[in-house]
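First up is the structure itself, then whatever we jot down about it.
The values are calculated or read from the model by the stated rules, or taken from the named source; none is laboratory data. As the structure is a computational prediction, the values presented were derived from the model and not from experiment. Quick reminder, even Gly has a Cβ in these numbers, built from the backbone with ideal geometry, and neighbours come from all protein chains shown. Note: areas computed on protein heavy atoms with side chains; ligands, DNA, RNA excluded. Shrake-Rupley method; radii C 1.70, N 1.55, O 1.52, S 1.80 Å.
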Amino acid sequence: MKKYWLLLVCLVVGLLAACSDSSETSEFRTVYSGEIKTLNYLKTSETNEFAVAANLVDGLIEYDEYGVVKPGLATEWSHNDDATVWTFKLRKDAQWVTHDGKKYADVVAQDFVDGLNYVLDAKNESSTAWIATVVKNGDAFYNSKDTGMTDFSQVGIKALDEHTLEYTLETSTPYFLSMLNYVCFFPVNGKFLAEKGTDFGTTRENFLYNGAYILDKFEPQNERVLVKNDTYWDEDKVKINRIRYKYNKEAATVAPELFLRGEIDATSIPTSIIDEWLKNDEKKSQVRQSQNNFYSYFYALNFNPQFDEEYEPENWKIAVNNKDFRKSLYHALDRVSAMMTVEPYNPQDMLSNTITPKNFVDVEGVDYTQLAPLANITNNDSFNKDLAVQHKDKAMAALAGKATFPIKVLMPYNSGSPDWANRTQVVEQQIENLLGKDYIDIIVEAGPATGFLGEVRRPGKYALLEANWGPDFADPSTYTDPFSEGGTYNKPEFAEGYTEGNGKSKYQNLVDAAKASVNPAERYELFAKAEAFLIEEAFVIPYAVGGSGYVASKLNPFEAQYSPFGVTAEKFKGQTVLEKPMSNDQFKKALAEWEQKRAEALAKAAK
């Protein structure tokens, strides 16, 4: 009744639009500190950027709240016996609209061809092109300078007619549907793209929309506002009419107070104040745990350091190429202490001993992480004080006269994350206290809140770094991408002593052998062998799975579309804004019900 009374008042005073926009049931409000630099979903691989685009542009498929594949812009699909040729029938009621909601064109099969053409054209520098090379001749076209292939018609994608799309893949890819959930396979209107050129995605006006929302306001370091797309083909599933992001440089710090004042609808609760919230009955009723996800967090040791001379990159390079030095860090990291900066009550629930998380994929009921030789790593904690000291002693003996001790270890963090800042301090103190300051000198440095990946991780301006990776499709190969040759993480191909006869690193050869296998059981076992090698050699230190610890939110996470990979987790479609935030007891009950229903839904879909 309150809603309709407000509506009547709006009509009487002639302010219908204004009242509708401010309705608590139709608007979701949040704050952010890390600004996006582009809306060009065909180029970016940064989560905060494609998270916006995922609400503005649809792909061929999507997922329901239980993780079952559902039609998106494609209404049906099929593939040949060996899953190398996939055919999709497109819906006829989807259209592109401009920033003011006016129809520009229908969505047609050629839009997917034009999108992939852009991604695989090397001059566009798409960060996700490597995923798209699953398509036949995709890699050859991308590397046309070396291969001479400049004719895109030779690439395995065809618009058979306006509403029929066909992909031909390099090899059997039974998990191809899951890959379509990533931005490199999204469509674009070729005419509009050509008209805008390099300006595409720079403003809300230089962008076309076929998804659930339109970008109504885009003012960097001020505000961005998404409004419901009234022409959307699945409009009834869009429950939130307006999403308002307000910029605040100190967002992570001030968000809890803004939530309590009713100015925003969701916030993470930093560990520094979680005790206060849980001891206050009113606050406690508004806070809950978050769901763990399939993002993998790990500490990366950089084999191609590019940081300033004051931090002695050459000395670090000498040290990091000694296996005992790496193993001393591997066994010295107390991950429970580190995780308490996010989850102080049940930190072990978020720990992961592997890069690929548990329950991601399985082989005939056997979880991937339990395949030999990875199972031994999965089932044993890496933290071991005695082993850490033993490897330290061996490293100091081997590096005597070659490296200067203590080894300077530059460890930056994103200044926009208070928990990350706290965790970095914890890790510094814990490892230095165990191994000794005569051995290592961990130097903590605050990095930028905006552009951290581009300014720190990708250029290699670190020695040791907390990093993360989320899966892009339903195959273990997706977790090898950060460490494969040409990747932008810690460059293990530069590790000395691991290059084999073909000029590639041992890890890369193990990965390539796994990718070449089309038998799922053999394929997964080979990937497990490659991952075990990566961890046993201490190129990385697996740390945890994703999850933001504790949150206060008016969103019901079990209404959201669900998928471990792609952009699904970033979508608001299907969600509603609750009158009150979900308590932790309500969350646990709803989680148990959701897990049961999900198991039933997946079993039904598999038949």
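Net charge within 12 Å of Ala94 by Cβ-Cβ distance, Lys/Arg positive one each and Asp/Glu negative one each, not counting Ala94 itself?
In short, -4.
Mind running the shape call on region 492-537? Use the C-alpha gyration tensor, a ≥ b ≥ c as the square roots of the eigenvalues: rounded below 1.5 for a/c, prolate if a/b tops b/c, oblate otherwise.
Since a/c reaches 1.5 but b/c is at least a/b, the shape of region 492-537 is classed as oblate.
Tell me, what are the semi-axes, in whole angstrom and largest first, of the equivalent ellipsoid of the chain as set by the roots of 5 times the Cα gyration tensor eigenvalues?
Over the Cα atoms of the chain, the semi-axes work out to 39, 32, 23 Å.
How long are the semi-axes of the equivalent ellipsoid of region 240-323, taking √(5λ) for every eigenvalue λ of the Cα gyration tensor, in whole Å from largest down?
Sorted largest first and rounded, they come to 40, 17, 15 Å.
Asp393 accessible area, nearest 10 Å², 1.4 Å probe?
90 Å²
Take the Cα atoms of region 290-348, find their three principal axes, and give me the spread along each one in whole Å, biggest first.
Principal extents (Cα only, largest first): 41, 22, 21 Å.
So how far, in whole Å, is the C-alpha centre of region 311-358 from the one of region 30-101?
Each part reduced to its Cα centre gives a spacing of 35 Å.
Roughly speaking, what is the stretch gain from Glu445 to Thr47, that is 0.36 nm per residue apart minus the C-alpha to C-alpha distance, in nm to one decimal?
The span from Glu445 to Thr47 would gain 141.0 nm if fully extended.
For region 423-556, what is the largest minus smallest coordinate of the Cα atoms on each principal axis, given in angstrom and ordered from greatest to least?
50, 44, 29 Å, listed from the longest principal axis down.
Go from 0 up to the bin containing the longest alpha carbon distance in region 120-256, width 10 Å each, and give me the % of pairs per bin.
In order of increasing distance, the bins hold 10, 27, 32, 21, 9, 1 percent.
What is the percent carbon and sulfur in the accessible area of region 520-576, measuring with a 1.4 Å probe over the protein chains and ignoring ligands?
Solvent-exposed carbon and sulfur of region 520-576 make up 52 percent of the total.
Taking each pair of distinct Cα atoms in region 36-107 once, what is the resulting Kirkwood hydrodynamic radius in Å?
14.4 Å
Would you please state which residues of region 302-333 a label at Arg458 would reach in this model, taking the label point 7 Å out along Cα→Cβ and a backbone N cut-off of under 19 Å?
302-308
Could you check what % of the DSSP bridge pairs in the chain are antiparallel, to the nearest 5? Could the numbers behind the result be given before it?
On the way: 55 of 69 bridges.
Counting DSSP beta bridges with both partners in the chain, the antiparallel share is about 80 percent.
With the cut-off at 25 Å, tell me which of the pairs Lys196/Lys461; Lys70/Lys191; Lys327/Lys437; Lys283/Lys358; Lys327/Lys358; Lys37/Lys217 have Cα atoms farther apart than that. Spell out each step's value before the answer.
Working: Lys196/Lys461 34 Å; Lys70/Lys191 29 Å; Lys327/Lys437 17 Å; Lys283/Lys358 33 Å; Lys327/Lys358 23 Å; Lys37/Lys217 15 Å.
Lys196/Lys461; Lys70/Lys191; Lys283/Lys358, as the Cα separations exceed 25 Å there.
What does the accessible area per residue of the chain come to in Å², with a 1.4 Å probe and no ligands, DNA or RNA counted?
Ligands and nucleic acids excluded, the figure is 43 Å² per residue.
Just the accessible area for Val389, please: 1.4 Å probe, Å², rounded to the nearest 10?
Per-residue accessible area (Val389): approximately 60 Å².
Suppose every K and R has +1 on its Cβ and every D and E has -1 on its Cβ; what is the size of the dipole of the chain about the Cα centre, in Debye to the nearest 20?
820 debye
Student exercise: in region 478-607, how many lysine pairs 8 or more apart or on different chains have Cα atoms under 19 Å apart?
Going through region 478-607 pair by pair, I get 17.
May I ask you to give the average projected area over all directions of the convex hull of the Cα atoms of region 175-309, in nm² rounded to one decimal?
For region 175-309, averaging the hull's shadow over all directions gives 14.6 nm².
Per the Kirkwood treatment, what hydrodynamic radius in Å, one decimal, follows for region 373-482 from the mean inverse distance over all distinct Cα pairs?
16.4 Å
Using only C-alpha atoms and all pairs of different ones, pull out the Kirkwood radius for region 212-254 in Å with one decimal. Could you put the intermediate results ahead of the total?
Numbers: mean 1/r = 0.0866 Å⁻¹.
About 11.5 Å, per the Kirkwood formula over Cα pairs.
In a Debye calculation with equal point scatterers on the alpha-carbon sites of region 363-404 and no solvent, what is log10 I(q)/I(0) at q = 0.14, 0.24, 0.32 Å⁻¹?
-0.55, -0.80, -1.00
Residues of region 50-83 with the amide nitrogen closer than 19 Å to a label point 7 Å from the Cα of Thr488, along Cα-to-Cβ, please.
Backbone N within reach: 50-54.
At a 1.4 Å probe radius, which order do Ser153, Ser26 fall into by accessible area, largest first?
Order by accessible area, largest first: Ser153, Ser26.
How far apart, in nm, are two points set 7 Å out from the Cα along the Cα-to-Cβ line at Asn380 and at Glu570?
Distance between label points: 3.9 nm.
What percentage of the solvent-accessible surface of region 133-256, computed with a 1.4 Å probe over protein heavy atoms, is contributed by carbon and sulfur atoms?
The C+S portion of the solvent-accessible surface of region 133-256 is 44 percent.
In Å, what is the Rg of the alpha-carbon atoms in region 280-438, and how long is Dmax?
18.4, 61
Note down the nm distance, to one decimal, between modelled labels 7 Å out along Cα→Cβ at Ser172 and at Asp230.
5.2 nm
Take the Cα pairs of region 433-484, get the Kirkwood Rh, then feed it into Stokes-Einstein at 20 °C and 1.002 mPa s and tell me D in µm²/s.
154 µm²/s
How much length is gained if the chain between Ala590 and Gln370 is pulled fully straight, taking 0.36 nm per residue apart and subtracting their Cα-Cα distance, in nm to one decimal? It would help to have the intermediate numbers written out before the result.
Working: separation 220, 0.36 × 220 = 79.20 nm, distance 2.89 nm.
Separation in residues times 0.36 nm, less the Cα-Cα distance, equals 76.3 nm.
If you bin every alpha carbon distance in region 478-607 into 10 Å steps from zero, what whole percent lands in each bin?
Whole-percent P(r) values from 0 Å outward: 10, 27, 24, 23, 14, 2, 0.
Name all residues of region 146-184 having a backbone nitrogen under 13 Å from the label point set 7 Å from the Cα of Lys604 along its Cα→Cβ direction, giving them as ranges.
Answer for this model: none.
Taking a probe of 1.4 angstrom, what is the accessible area of Asp472 in Å², to the nearest 10?
Per-residue accessible area (Asp472): approximately 10 Å².
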